[in-house]
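Trainee: After the structure tokens below, expect a handful of questions from me.
The values are calculated or read from the model by the stated rules, or taken from the named source; none is laboratory data. Everything numeric in this text was worked out from a predicted model, so none of it was measured. Virtual Cβ from ideal backbone geometry, glycine too; neighbours counted across all protein chains shown.
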Amino acid sequence: MFHKFLKYISQSISGMIGVSVYILADTFFISYKCGADGLAALNLILPVFGLVFAIGSMIGIGSATRYNISTAKGSPSDYYFTQSIFWCLICSIPFMLTGIFIPHKALALLGADAGLIRLGRNYMRIVLLFTPFFMSNYTFTAFARNDHATSIAMIGSISGSFFNILFDYIFMFPLNLGFLGAALATALSPVVTMLVCSTHYLGKNNHVEFHWRKPSLRRIIRCCQLGVSAFFAEISSAVITIIFNMLILRIAGNIGIAAYGVVANISLVAMAILNGLAQGAQPLISQSYGKGEHDLVRKFLNWSLAAALLIELVIVVLIYGFTDTFISIFNSEHNLQLLAYAHTGLRLYFLGFLVAGINIVLVAYFSAIDRALPAVLGSVMRGIIAIAFCAILFSQILGLNGIWLSFLGSEIITFFVILIFRKS
């Protein structure tokens with residue numbers, strides 16, 4: 001059983017890293033092509049990815065979790081996939097309309113000045129127009145994992161990432177499309193992932209059925225309750241980025257925003273690893289819970305927490321050991337001010353990962369066993385309330401360093417909130 005656990009989490013982590021590479025590849029090529037202004041523009045757009053990913057993960061992972069529990073209990077589960085895709089498409093409509101008509105206003109709302117709006121407008125438009133694919137991607141990969149096709153889900157995510165890296169280069173350099181080329185490569189990547197996952201759904205080992213039922217708001221809300229932890233795992237990066245951008249812009253200007261772009265993008269990979277751990281354990285926990293195998297549920301939880309601790313320590317050691325090396329990847333102009341801001345920022349911000357992994361696992365665990373209250377409270381605290389409170393308070397006391405340390409403060413607060421409400 002431990003071997004099965006390792007298989008699920010390793011493949012899920014690989015897949016989540018693949019998803020994070022969508023944006024990481026853009027960051028590298030954009031920093032090389034457009035310098036600090038490109039980094040700043042992309043960092044202002046990152047919250048849009050966070051919101052889109054959050055909604056898609058809540059619907060897709062929540063529906064897949066409900067599907068797994070229902071299947072284990074012998075309840076009807078033949079409509080969850082189609083319902084999930086339908087609601088992803090509905091939720092995409094406002095984003096698409098924004099991309100068609102007012103991408104420049106969306107950028108201005110996120111804090112972009114006239115120069116950054118000109119640079120990032122087309123990128124924003126393309127990303128918003130492809131929202132249905134970004135959202136539906138979570139449904140395709142989550143149902144594959146819950147149908148014991150973790151290898152296919154992993155291969156799909158990695159294939160999308162390789163496509164993104166390759167076509168980032170092709171579109172931006174040989175075809176000289178610049179920022180627009182990065183957007184096109186990123187937007188097409190989830191399509192590749194979904195096509196790969198479709199090989200499972202069309203194959204003989206597929207158990208997911210695609211029956212249609214009249215859409216029900218009540219049913220999708222029940223699914224989303226189990227996807228709340230995934231929602232806040234994704235939305236937290238968007239909320240953090242928006243708050244940090246506003247605070248850093250006031251203290252350190254566009255160079256500070258660019259430095260935070262480096263910190264945020266590296267943290268995306270670390271967060272993807274921890275989210276992958278939680279999402280990899282979720283199908284095993286949900287299935288065991290549905291069958292009433294409570295001893296096995298506890299084993300999976302303990303193994304997940306131990307793995308989170310190990311991963312957290314490795315992440316922090318790597319950051320402290322190779323701080324300037326990581327920064328140099330995104331600092332093509334060798335900007336000394338950017339280096340100074342990002343050096344301190346990386347080291348202080350990543351202290352939060354000493355606690356974040358434990359919180360992510362605990363929130364996902366409560367969601368997997370249908371315990372909505374501690375899952376929702378933990379998610380809301382770490383994703384919005386605690387991080388906003390700490391960032392604003394710490395920035396008033398310690399300035400820029402306080403902003404970097406607010407991630408650690410919020411995760412500590414969240415941990416104690418989860419402990420208090422764990423029996424609720």
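Trainee: Only one of (1) more than 18 Å from Pro190 (Cβ to Cβ); (2) of a type in the set (S, T, N, Q); (3) touching an Asp or Glu at 6+ places or on another chain (Cβ under 8 Å) fails for Ser57. Which number is that?
Mentor: Answer for Ser57: the failing condition is (1).
Trainee: Looking at region 380-405 only, could you name the residues that are free of Cβ contacts under 8 Å to residues at least 40 places away in the same chain and not aliphatic (A, V, I, L, M)? Break it down stepwise before answering.
Mentor: Start the filter on region 380-405 by keeping residues that are free of Cβ contacts under 8 Å to residues at least 40 places away in the same chain, which leaves 381, 385-386, 389-390, 393-394, 396-398, 402.
Those that are free of Cβ contacts under 8 Å to residues at least 40 places away in the same chain and not aliphatic (A, V, I, L, M): Phe389, Cys390, Phe394, Gln396, Gly402.
Trainee: Additional query: If you check Ala364, Ala375, Ala368, which single one turns out to be in contact (Cβ under 8 Å) with a residue 40 or more places away in the chain and within 16 Å of the chain's Cα centre (by Cα)?
Mentor: Of the residues listed, the single one that is in contact (Cβ under 8 Å) with a residue 40 or more places away in the chain and within 16 Å of the chain's Cα centre (by Cα) is Ala364.
Trainee: Can I ask one more? Taking the criterion of being in contact with a Pro (Cβ under 9 Å, 6 or more places away or on another chain) and more than 27 Å from Ile158 (Cα to Cα), would at least one residue in region 249-266 satisfy it?
Mentor: No, that holds for no residue.
Trainee: Give region 186-209 a look and list any residue that's not aliphatic (A, V, I, L, M) and not in a helix (DSSP H, G or I), or say none. Please lay out each step first, then the result.
Mentor: Taking region 186-209 first, the residues not aliphatic (A, V, I, L, M) are 186, 189-190, 193, 197-201, 203-207, 209.
Listed by number, the residues that qualify are Gly203, Lys204, Asn205, Asn206, His207, Glu209.
Trainee: For region 130-151, what are the residues that are hydrophobic (A, V, I, L, M, F, W, C) and either in contact with a Cys (Cβ under 6 Å, 6 or more places away or on another chain) or in contact (Cβ under 8 Å) with a residue 60 or more places away in the chain (or both)? First the steps, then the outcome.
Mentor: Within region 130-151, the first condition is being hydrophobic (A, V, I, L, M, F, W, C), and the residues that meet it are 130, 133-135, 140, 142-144, 149.
Result: Phe130, Phe133, Phe134, Met135, Phe140, Ala142, Phe143, Ala144.
Trainee: Residues being modelled with pLDDT of 70 or more and in contact with a Leu (Cβ under 7 Å, 6 or more places away or on another chain): count how many of those fall in region 5-33.
Mentor: Adding up the residues that qualify gives 8.
Trainee: Does region 268-290 hold any residues that are surrounded by 24 or more Cβ atoms within 10 Å (Cβ to Cβ) and either free of Cβ contacts under 8 Å to residues at least 24 places away in the same chain or of a type in the set (Ser, Thr, Tyr) (or both), and which are they?
Mentor: Ser286
Trainee: A further question on this structure: Among the residues of region 322-337, is any in contact with a Lys or Arg (Cβ under 9 Å, 6 or more places away or on another chain), of a type in the set (Asp, Glu), touching a residue at least 12 places away in the same chain (Cβ under 8 Å) and within 29 Å of Phe28 (Cβ to Cβ)? First the steps, then the outcome.
Mentor: Restricting attention to region 322-337, the residues satisfying the condition of being in contact with a Lys or Arg (Cβ under 9 Å, 6 or more places away or on another chain) are 323, 332.
Within this subset, residues satisfying the condition of being of a type in the set (Asp, Glu) are none.
No - not one qualifying residue is present in region 322-337.
Trainee: Moving on. Which one is surrounded by the fewest Cβ atoms within 10 Å (Cβ to Cβ) among residues in region 291-329 that are among the charged types (D, E, K, R) and farther than 17 Å from His148 by Cβ?
Mentor: First, pick out the residues of region 291-329 that are among the charged types (D, E, K, R): 291, 293, 295, 298-299, 312, 324.
Then drop every residue that is not farther than 17 Å from His148 by Cβ, which leaves 295, 298-299, 312, 324.
Working: Asp295: 7, Arg298: 13, Lys299: 17, Glu312: 21, Asp324: 11.
So, considering only residues that are among the charged types (D, E, K, R) and farther than 17 Å from His148 by Cβ, the one surrounded by the fewest Cβ atoms within 10 Å (Cβ to Cβ) is Asp295.
Trainee: Scan region 202-244 for residues that are surrounded by 19 or more Cβ atoms within 10 Å (Cβ to Cβ), over 15 Å from the mean Cα position of the chain (by Cα) and under 20 Å from Gly280 (Cβ atoms) and jot them down.
Mentor: Within region 202-244, Val208, Cys223, Leu226 meet the criteria.
Trainee: Same structure again: What's the total number of residues in region 381-399 that are crowded, with 19+ Cβ neighbours inside 10 Å, modelled with pLDDT of 85 or more and either out of contact with any Leu (no Cβ under 6 Å at 6 or more places or on another chain) or not polar (S, T, N, Q) (or both)? It would help to see each step written out before you state the result.
Mentor: Filtering region 381-399 down to residues crowded, with 19+ Cβ neighbours inside 10 Å leaves 381-383, 386-387, 390-391, 394-395.
From what is left, the residues that are modelled with pLDDT of 85 or more are 381, 386-387, 390-391, 394-395.
Restricting the remaining residues to those that are either out of contact with any Leu (no Cβ under 6 Å at 6 or more places or on another chain) or not polar (S, T, N, Q) (or both) gives 381, 386-387, 390-391, 394.
Count: 6.
Trainee: Something else: Could you figure out which of (1) part of a helix (DSSP H, G or I); (2) more than 21 Å from Gly352 (Cα to Cα) isn't true of Leu277?
Mentor: Unmet for Leu277, out of (1) part of a helix (DSSP H, G or I); (2) more than 21 Å from Gly352 (Cα to Cα): (2).
Trainee: Given the conditions (1) touching a residue at least 12 places away in the same chain (Cβ under 8 Å); (2) polar (S, T, N, Q); (3) not in a helix (DSSP H, G or I), and given that Ser75 satisfies all but one, which numbered condition is not satisfied?
Mentor: Answer for Ser75: the failing condition is (1).
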